[in-house]
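Report on the following structure.
The values are calculated or read from the model by the stated rules, or taken from the named source; none is laboratory data. Since the model is a prediction, treat every value here as computed from it, not as a measurement. Cβ: placed from backbone, ideal geometry, glycine included. Neighbour counts: every protein chain shown. Ligands, DNA and RNA are stripped out before the accessible areas are found, and what is left, the full protein with its side chains, is counted by its heavy atoms. Shrake-Rupley method; radii C 1.70, N 1.55, O 1.52, S 1.80 Å.
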Amino acid sequence: RWLHRCNPQLTELLREACGDKVLDDPLAARQLERFSEDRNMMERFMQVKRRNKQALAATIGNSLGIKLDPSALFDIQIKRIHEYKRQLLNALETIGLYFAMRDAPDRNWTPRVKIFGGKAAPSYHQAKLIIKLINDVATVVNNDQSIRGLLKVVFLPNYNVSAAEMLVPACDLSEQISTAGMEASGTGNMKLALNGALT
């Protein structure tokens, strides 16, 4: 599901590179190692990634009115909102990056989109405050003309599997920053890595 269904273009590229066996045997993807220096294969992979990012940017633009640059680094943290999963730490890093960009606007910054998605338990007050903080940071950052759109922040409401099927193929950098020893299963990182995101 997290490759064949939600990223059919990458699946086709994998079939071409590794054969149809890759559809049933994940270990067949090891054949990709022989393409590690193949510029053409890397460019084709990046074209697939860019199309996925364009689709996600269009969806976010239509639903939230936030215009995203698909050539920016899509830095994504999607998981249940919880203190041990450290969305708060990611939000603080976002604030730090924002102030650094304001302090040195002429530096050669890599454009970045910080995307958060996840739900909080109904009675988990602290998690709801973290969501509020992320949305408040988004309001400030996304409306500050001085950083020239180099940083955007998105909290995707109503996060669910359908949303994840768009986010996972578009991710460049997967945030897996849970407190050491606390992540119960950690399958989200596998879905993102399977689609070519760095962790």
Net dipole in debye of region 68-199 [+1 Lys, Arg Cβ; -1 Asp, Glu Cβ; about Cα centre; nearest 20]: 280
Of E183, E16, E37, which has the most accessible area and how do the rest follow, probe 1.4 Å? E37, E16, E183
Distance between the C-alpha centers of region 96-146 and region 149-167? Whole Å please. 13
Accessible surface of region 52-199 [probe 1.4 Å, protein heavy atoms]: carbon and sulfur percent: 56
Judged on accessible area alone, 1.4 Å probe, highest first, D103, D20, D172, D38 line up as D103, D20, D38, D172
Trypsin sites (Lys or Arg not before Pro) within region 126-199: DSSP coil, no more than 12 neighbouring Cβ in 10 Å: R148
So how do S174, S123 rank on accessible area, 1.4 Å probe, biggest first, that is with the largest at the start? S123, S174
Using a 1.4 Å probe, how large is the accessible area of L14, given in Å² and rounded to the nearest 10? 20
Leaving out ligands, DNA and RNA but keeping every protein chain, what accessible area does K114 have, in Å² rounded to the nearest 10, with a 1.4 Å probe? 0
So, relative contact order of the chain in percent, Cα under 8 Å, 6 or more apart, is 26
In degrees, nearest 10, the alpha-carbon axis of helix 87-103 is tilted away from the dominant principal axis of the alpha carbons of the chain by 70
Accessible-area value, S36, 1.4 Å probe, nucleic acids and ligands omitted, Å²: 70
Taking only Cα atoms, what is the 0 to 90° angle, nearest 10, from helix 39-64's long axis to the longest principal axis of the chain? 40
Using the structure shown, select from K132/K191; K49/K191; K85/K119; K152/K191; K49/K119; K53/K114 the pairs with a Cα to Cα distance greater than 22 angstrom. K132/K191; K152/K191; K49/K119
